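Read-outs throughout are calculated quantities, based only on the coordinates presented, and are distinct from any laboratory measurement. Computed from a predicted structure; not experimentally measured. Methodologically, a virtual Cβ is constructed for each residue, glycine included, from the backbone with ideal geometry; neighbour enumeration extends over all protein chains shown.
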Amino acid sequence: MRIIATITFLGVLCTTTYSFGNTARSACVSNHFSLVRSFHQADTAKTDTAKMDTATVGIKQAAKAISKKLESKGSNLDPKKLSIFPAISLQQYLKGEAAGLYATEPSSEPGTVQNMFIHGTSQPLLSQREVFQTQPLVILDGVPLIGEHPFAFDIQQFKFDRIGPAINPLTNINMANIKSVQVLTGLNATAIYGPKGANGVILLTTNDPTSKRRITFDSYVGVATPQSVTTVNGKFENDFRRQFYNKYTANGVYGDNDVYPLYLSDSLNNDYYGKSDWSDKYYGSQIQYGINASISGGTDRANFRFSVGNLRSGGIADNTKADRYDTRFIINMKPVQWLTFSAMVNANRLQRDRNRNVRDRLATVNYIPDLSSPIAPNKDKYAQYLGQFNKGFDNNRSNIVEGYGKVGLDFGKFKFVTTLGLDYFEGYRDIFYARTLLQTTNFASNYFGYNQRATVDNIATYDYDLNEDSKFNFSVGNTIQYDTYRYSYAYAYKGSNDFIKLNLLQSDPNRGDYLEPFVYRRELVYKFLDRTKNNQLSFYGKADYSYKDKYNFSALLRADASSNQQPTSRWFYSPVISAGWDMKKEFFANDDTFSELNLRASVGRMGRYENFDNYAQGPQYTAFIGFTGNLIAPGYNGIATLTRPYSSGSAGYGLEWAYTDQANLGLDASFLNDRVHASIDGYYKHDKNMLLGIPSAAEYGYTSVIKNGMAIRNTGVDLVLSGDIMPKTNTVSWTSSINVNYNQNKLTALPGGLNQIVLGDRQLKVGESVDSYWLLTNQGIYNTDAEVPSNGAGGKMAYNGITLKAGDPKWLDVNGDNAITDADRTLQGHALPVVSGGWKNDFGYKNWTLSLNFYYNLGRDLINQEMANRFDFVNREGLNSINSVREITFWEKRGDYSKYPIYNPWSSVSPYQVNQDIFLENASFIKLRTVSVGYDLTSMFKKKSPNVERFYVYGSVNNVFTLTNYTGQDPELAGFTGYDTGYGMQIPRTYTIGVKMDF
Amino acid sequence: MKKIILLSLVFVALLAGSCKKALNISSTRVVNEANFWNTLEDSRAALMGVYGLTRAALADNNGHWIYGDARMGNFDSPIRQDLKAIIKNDLNASYPVVNQLSNWTRFYAIINAANIFLERVPEVKANDQRYTQNNMDVDIAQVRFLRAYAYFYMVRIWGDVPFITSSRDGSFENRPRSSKEAILEFVQSEMLASAQVLPYRYSVNDVQQPGFYYNENEFRWNGALIRKLTAYGILTSVSAWQGKYTDVIKYANIVTTDAGKAGMGYTSTNFLTQRNGFFYDKRNEHLLAFGFVFGHQDASFTGNIESLVLAEPVVNKAIPDMFVPKDSILKIFRETNDGRFNIDTTGTTHSQAYFTNFLGRYPIFSKIKVMQDGSTDPTFRIYSSAIVVSRLEDITLLRAEAYAALGETTNAINDLNTIRRLRYNVDNKGQLNESASTFVEYNAIKNGPVLDAIFLERQKEFMGEGMHFYDQVRYNKIKQNNAKFMNLINTGGIYWPISRELINQNPLLVQNSYWK
C-alpha cells in the first residue's frame, strides 16, 4: 500500500503524468473499427502466436473490461493488409478503409500534407486554421501526436503551403510496426482522450515485443507510372483566344492600348508554336520501395523489439520523392510480478524533394517577377528552366520522434499506469535559388521549426465484482499536456553572387557590424521568430457496470482546463454515458440464428480544444500593420507598433469553450453461422458555441468580431457489412466487405442569432451545410443587348449595378428583383462527400489470395477553377500577381472546353468568375484502388525450417482506374475548399511486388 | 484498495494546484490589456501604430494613387481590367481591387486606434514617470491630427461617413453616415487644435518639444512625424476642399512663412525626380508623408506608385499596370522649357525626368522611381519611396488657387511663378539655364486664364502623387462649366460606392445615390 502511494506521489512530483492505461482505454471503446481482426485469412496462425507471446510481459489491458461489450464490431481490417499499399502517409493507408473517416489527397506529391475528417467537418473550412481545428487526434501507443500548427501562415502572403518543409506529420507511421488501427468516431470511445479528440481519434497500437526470439522482414519494390496526358502548344492557346477576339473585337485588339500576349503573337516562334514535348521532362516513372526488419526477444521478465525501415515514395511528376528512415525500439521489464516498466522510441527521418512549380516557388520567395510569358512547352526550354534549380538547392527534411516511458502497477483488481509521453516533430528547409530563376535576383532562406507535445498521464483502475452478476470497473485519471510550437525563419534577396549560397553573418565580435549579414544586404534580409504554447490539464473518472454480461453501462465525467481559454471560463465539465444490451444473450441464447446481436447507445458532451492562444488574452494588441501585398511591414519609422488586431478580428472578454454534443445508436449483428457481419451506427454530432469571426464593426476598424455561438450539426450513418460469400472452408473463398458513411452537414446557429453571413466568397446560412458553394446560376449567354431583360425601371437588368450587355452571362434572377446581385447566389453542392467508403473483396484459392479494393465518393462537387482560370485569361494575366502564374502544365489539355459559352472576357461583370454553377461539377467517383495477388509459402518453408512463421509474396497494382463524370483531373485532387486549381499532381498507378517473412 | 484510490485522488488534487501555473500562459504573439498602457514604450508603440495604420490604409491596394491619379485621370491601363474600370469611373465593376477600395474599414482602423490612444494614454502618464506631460501633449496632438486626417481622406472618397470619436471597446454599435460638412468642421477644428501644440521639428529643443523625443535624436524623426506645419498645411487642403479660400490663404501663409523653422524649402526638378532624391527616405521637406524607409526594412513590393507605373526599361517588367498615353503627355506638357518633360520640335525628348521611353509603345511614367535604396538596378522591384501627401509646392499652388478663386490675380500669379521658377528653368535641350533666376514666367496669352494655368501646373507637378482627382473636383466646382463633371458632383458620382460588404454588415448605411 505504501509503495503504491509513494509511487503515485513520485509520479505526481515528477510531473510525469500518466496515460490512461490500456485498461481504461478500452473500457469505453465503442463505435470504433478495429482494423485488426480480419487478417485471419492468410495469417491467423501468426496473430495468435503473437498474442500468446506478449502475454508474459508488458502493460496490458484488463481482462474483463466491461466496456469491451460496448464496442462496435465494425469493419475489420488488418494493418498487415493496409501495408500492402505503397503508402507513405497514414491518410493514404486509411483512405476508404473505415466508415466515417474521409481522407483527402489533394496532390500525390509524396510527403505533402493531407487532411482527414471523421463524420464531416465541424467548422466551415475557410482556411488552414479551421482545417487544423477539425483534424482527428492520432494516438500512437498512448502518445497523442501533435500536428503542425498553422500560426506560421500569419506571415505568409501566399498561403498555399506552410513555410518550412511542409511535410505531412503523419508520415511517421510505418504500417509494418502497427498491430492495430482503430478509428474511434463517437464520444463513447473518444471521450477518454479529451477535448483534443473531439473530432474523432485514430488509435494506433504498435507490435509488442515477444519473449521468443522472432525476426520479421518485409519488403516491396515497385514503380509508379504516370498516366498519359495530351499536350498542347501556343497554337492551341492562340486558337482558343482568337475565338474571343473574333467575337468581341473589331480588329483583333480590345481597346487602343490593349496588347496581345507576346508569346502568342508570333506564330513562327518555335518555342511556343513548336513541339510541345515538355511532358517527357515533367512526367516520369519513379521507383518506390519499402524495406522493414524487426527483431524481438527476451525472457518472461524482460523483452524488447527493435525495428528499422526505409521507404521511398516516388512521385510521377517533377521528379518529386520522399524518403523515410525509421527505427523503433520498445522494451518491457517486469522486475517484480506487480510492476512493469515499458519504454518506446519511434524515430523517423523524412526528406522530400519538392515540386518545382513556379507558383509554390514564388509563394516562398514572396516576390512576383514579370509573368507575362509562361515557360515554353518545348522540352529543351523546359530543361533549361529545370537546370537553373541545379545551381541552388531546396532541402526539406523533418525528424519525427515519439517516445514514452510507462510504469504499470498490477495488483490484480487494482491497476495503476503512469506514462510520460513525448511527440516531437521538427522541420528544416534550406533554399538557395540562383539568380537565373528570378530575373537575376537570387534568394536564400532557412527555416527551422518544431512542434512538441509532452504528456503526463496517470490512470488508476479498480475492478470490483459485487456478485456473480454485477461487475464494476472504476477508473480515475488525469493528464497534463504541454504543447509548444515554434519556428525561426529568415530569407534574403540579392546575394552578391551565385557561389555563396548562405546568408553569412559577420562573425567578428569586435566589429561594429557584428552579426550583420554581409553577403546579402541587411535591408533585404527578413527574419521571423514565433512561438506559441498551450497547456491542458484534465481529470476524469469513469465507472462501468455490467449485469449478467447482458446489460452494460458506462459513465464518464471529466474536467478539462486549457490555457487557451480565458481565466474566467478555463474549465469545462463534460459527461458521457453509454449503454449496451447483448440481445443475443437475451433472446437467442440457445438459438443459432444470430451468433452476435448487440445494441449500443451513448450520449454525451465534450469540450472542443482551442488551438490558438490569442483568444484567452481577451482584448489585445498586435504588431501587425501590414496591408494587401505586404503583410510583414515591420513597424513604423523603425519602431515596433502595437495596435488592435484589426485584420484578424476583435476578441473580447467572455469567450467560452466550444463543445460537441454527440449521441449514437448502433447495432452489431452476425448471422448465418457467422458468415455475415453487419454493424450499423447512426450518429448525431452537434458542435456548438464555436468561435467565428463575424464581419462587423467595420466602422471601428475591424474586419470581424470574434464571438462564440456557431453550431454545426453532422448527422449520419456508418454501415459496415461483410460476408463470406464463399466460406473459407471451400477451395475457392470469397469475402466481400463494404463500408459506407452517409453524412449530412448543417449549420444550425451563428453567433448573435444571425441567420446568414458572407465570408469572402462563401456564405454561411443557418439550415444549410457549411461545405456548400455560393454560386450564381448560369443560364447561357445574352447574344444581343436586346435579349437583356428590363430592370422594371426603364433600364436593362444589371449585375451589381453594371448593366448587362451582349456577351454577358445570363444569370438567374433568383429573387425576381430584376437585378443580379449577391442575393441571387444560392448555396449549391458539397465540397465534402455525402456518401463515401470502400468496398473490398478477398478471394482465396488454395494458397493464393486475390484482393480488389474500391474507394468511392458520392455527392461531392468540385469547382473547376482550372477551367475558370483558362477562360478568364484576360483578368488572370492583366494583374501581374500570383494568380497569373502559368505552370508547365498550362500546356496540358484538361477539361472540356465545349461546355462553356464564349462570353466577352473583357466585360466588367467578370463573366468567367469562378463562383457560378457552370464551373460546378459532380465529382463523385469510384476507383479501383488496389488489385493484389498473393501467395502464401508458409507451409512450404515450414517443412524446411520449422522456425518460419510466415512467408508471403504478393504483387499489386494501385489506382487501376477511376470512374467519374468529372471533366478535370482526378476528382480527388482538390484542396479542402473544393476548388480544383489544377495543381494536384496526378495520383500514379503503381505496380509493386513484395514479400513478408516472419521467423 | 479504496484507500488507494482515495490517496491517488488526493495527490491528483494536489497536482491540480501546482498546475494552475501551467494554465496561465501569457501569449508571446499578442499583448493583453494588463501588459499594455504601462510604460513609455507602450505609448510609443501605440502612437507609431496609428501612423503605421495610416500608411497601411493609404498603401493598401495602391489606393492612394488609384483614388487620386488613376480615377478619371491622365493614366490608361494596357491590360488591367480593374484599373480600366476605375479609370472610366466604373466603380461597381466586379473586380477585387475595386471592391476592396470601396471598403473603408482600414481608415476606421486609424480612427479606432486613435480613439483608443486618446482614451488610454493617461494611464501611461499615471504609470510611468518618464512619460512627461509635454510628451503626452505632443503625442495626443499627433493622434488627433491623424484621426482628423483619416476623416478628411474618407470624406473626399465617400462623402458622408459614420462619425465615431470613441473606441466603444467591446460594444460596437452601428452608426449611420454623418454629414460630410459637419465632419469637415470637426477635422478643421481638430487640426487647428493640434497645430497649436505641435513643434516645428522634433528633438531639436523646439519650445513646444524640449529634449529628445522618445529619447531619439532628430534624424530619427525628421519628416516622419506630424509637425506644426503639417497641421497647417493639411488645413490648407481641407479648407480648399471646403471652398473656404480665405482660410486657405491664412493657413498657407503660416506654412510659407515658417517653412524655414521647419527645415523646409522648395525642391528642384532634379532632386524631385532623382532616384534617391525627394521621395527617398524621410525628410523635413515632406510636409506630410508616410515613409517606407529602406534602412528600416520598410521597402515594399506594393503600396507605391512605382509598382503601378514602372516597367521596361526602368525595371524588368514587360508592361506597366498604367501609363500616360503619348497624346495626353503632349497635351499636358505642351509648354517648352519645362524641366520635367522636354520635347523639341523634332519630337526628340531631352529629359527622362518624368517619362522614360517616350517613343516606345508605353511611355513609362518615371518621375518617382526609388528602387531599393534609390539604386539603378532594374532587376528587383522593391521600392522605398515615401507616400508624400503634401509638400511646400502644394501649399503654394493651393494659395495661388485661392487667390485666383477670390480674384486676386496678381497674388495668384506670384505664387504660380514661385513654382514656375523651379520648373521652367531649362533650355530646349533640357539643360538647366545658366542663371538660376532665368525661367519662363506665366503668360496670360500663352497659358490662358490664371486659374486654368494653376490647375494645369498642379496636374504636372503632382502627377503620380495622388492629387489629380481631387484637383479636378475643386477645379470644376470653381469653373462650373463642365456639364458632365458637374453632374458627377451634383449626384454624388465623385464619391466611391460603399462596399456591399459594409452595407450588409451595417443596415444603417445607405449607398451613395449615384451608385445605387
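Miscellaneous remarks
- Pairs exceeding 25 Å between alpha-carbon atoms, taken from A:Lys746/A:Lys840; B:Lys228/B:Lys460; A:Lys494/B:Lys317; A:Lys159/A:Lys527; A:Lys746/A:Lys810; A:Lys80/A:Lys584: A:Lys746/A:Lys840; B:Lys228/B:Lys460; A:Lys746/A:Lys810; A:Lys80/A:Lys584.
- With K and R counted +1 and D and E -1, the other residues having a Cβ less than 12 Å from that of A:Asp661 yield a net charge of +4.
- Net charge contributed by nearby residues that have their C-beta within less than 10 Å of B:Ser179 (K/R +1, D/E -1): -1
- Compactness of the stretch B:157-303 as Cα Rg over 2.2 N^0.38 Å, two decimals: 1.22
- Length gained on full extension, B:Ala436 to B:Thr257, computed as 0.36 nm times the residue gap minus the Cα-Cα distance: 62.2 nm.
- Qualifying chymotrypsin sites (Phe, Trp or Tyr not before Pro) in the stretch A:657-744, where qualification requires a DSSP coil assignment and no more than 13 other C-beta atoms within 10 Å, are lacking entirely.
- For the stretch A:627-703, size of Cβ-based charge dipole, Lys and Arg +1, Asp and Glu -1, in debye: 280
- Residue among A:Thr703, A:Val717, A:Tyr742 farthest towards the positive dipole end of the stretch A:675-781, charges placed on Cβ: A:Val717
- Qualifying trypsin sites (Lys or Arg not before Pro) for the stretch A:489-555 [loop in DSSP, other Cβ within 10 Å: at most 15]: A:Arg511, A:Lys548
- Counting only the Cα atoms, chain B fills a convex hull of 193 Å³ per residue.
- Each of A:Thr593 and A:Gln227 was given a label point 7 Å from its Cα along the Cα-to-Cβ line. The distance between the two points is 4.8 nm.
- Once the chain from A:Asn510 to A:Ala555 is taken as fully extended at 0.36 nm per residue, the excess over their C-alpha distance is 9.4 nm.
- For the stretch B:145-212: relative contact order, % (alpha-carbon pairs under 8 angstrom, 6 or more apart): 29
- For the stretch B:291-414, the pair-distance distribution built from all alpha carbon pairs, in bins 5 Å wide starting at 0, is 2, 10, 16, 16, 16, 15, 12, 7, 4, 1, 0 percent.
- Prolate/oblate/rounded label for the stretch B:47-195 (Cα gyration tensor, a/c 1.5): prolate
- Put simply, the amide H of A:Lys179, placed in the peptide plane, has neighbours under 5 Å in A:Thr205, A:Thr206, A:Asn207, leaving out anything fewer than 5 places away on its chain.
- Near A:Arg605: Cβ cut-off under 12 Å, other residues only, Lys/Arg at +1 and Asp/Glu at -1. The net charge is +1.
- Rounded to whole numbers, the Karplus 3J(HN,Hα) couplings from phi for the stretch A:91-108 are 4, 5, 5, 8, 4, x, 8, 10, 5, x, 9, 10, 10, 9, 9, x, 7, 8 Hz, using 6.51 cos²θ - 1.76 cosθ + 1.60 with θ = phi - 60°, and x at Gly and Pro.
- With q set to 0.08, 0.10 Å⁻¹, the log10 of I(q)/I(0) for chain A, from the Debye formula over equal scatterers at the Cα positions, is -0.85, -1.33.
- Using R0 = 56 Å, the C-beta based FRET efficiency linking B:Asn134 and A:Thr748 works out to 0.45.
- Sparse-neighbourhood loop sites, trypsin sites (Lys or Arg not before Pro) in the stretch A:300-381 - DSSP loop, at most 15 other Cβ within 10 angstrom: A:Arg301
- Amide H contacts under 5 Å for B:Glu408, placed H, 5+ residues apart: none
- Helix-only [θ]222 nm of chain A, DSSP H runs n ≥ 4, -39500 (n - 2.57) each, per residue, nearest 500: -3000 deg cm²/dmol
- 12 Å reach of a label modelled at A:Ser285, 7 Å along Cα-to-Cβ, counting backbone N of the stretch A:980-999: A:989-992
- Taking a ≥ b ≥ c as the square roots of the Cα gyration tensor eigenvalues, the stretch B:328-396 comes out oblate, since a/c reaches at least 1.5 and a/b does not exceed b/c.
- Oblate is the label for the stretch B:368-499. Its Cα gyration tensor axes, ordered a ≥ b ≥ c, give a/c of at least 1.5 and b/c at or above a/b.
- Residue-by-residue Karplus 3J(HN,Hα) for the stretch A:304-320, coefficients 6.51, -1.76, 1.60, Hz, glycine and proline x: 8, 8, 10, 9, 10, x, 9, 9, 10, 10, x, x, 8, 10, 6, 6, 7
- From the alpha carbon centroid of the stretch B:83-135 to that of the stretch A:118-136 is 33 Å.
- Spin-label model, B:Glu33/B:Thr376: points 7 Å from Cα along the beta carbon direction are separated by 5.8 nm.
- 10 Å Cβ neighbours from other chains, averaged over peptide A:700-710: 5
- The stretch A:220-269 and the stretch A:395-418: distance between their alpha carbon centers, rounded to Å: 59
- A:Lys805/A:Asp380 FRET efficiency (R0 51 Å; Cβ-Cβ; nearest 0.05): 0.70
- Two numbers describe the Cα atoms of the stretch A:85-131: Rg and Dmax, which are 11.3, 32 Å.
- Two-decimal Rg/Rh across the stretch A:684-786, once Rg and the Kirkwood Rh are taken from alpha-carbon atoms: 1.31
- In this Cβ point-charge picture (+1 for Lys and Arg, -1 for Asp and Glu), the protein assembly as shown has a dipole of about 2740 debye about its Cα centre.
- Set of lysines near A:Lys893 by C-alpha distance (under 18 Å), chain-local residues within fewer than 8 positions excluded: A:Lys235, A:Lys275, A:Lys281, A:Lys379
- Dipole in debye (nearest 20) - the stretch A:850-999, about Cα centre, beta carbon charges: Lys, Arg +1; Asp, Glu -1: 780
- Taken residue by residue and averaged, Cβ atoms of other chains lying within 10 Å of the Cβ of B:290-301 number 5.
- Within the stretch A:664-734, the percentage of alpha carbon pairs spaced more than 21 angstrom apart rounds to 59%.
- Considering only A:Pro833, B:Leu235, A:Tyr621, the residue lying farthest towards the positive end of the dipole of the protein assembly as shown is A:Pro833, judged by Cα position with unit charges set on Cβ.
- Rounded to the nearest 10 degrees, the inclination of helix A:234-248 to the longest alpha-carbon principal axis of chain A is 60 degrees.
- Each of B:Leu225, A:Tyr659, A:Leu145 was placed along the dipole of the protein assembly as shown (beta-carbon charges, centred on the mean Cα), and the one lying farthest toward the positive end is A:Leu145.
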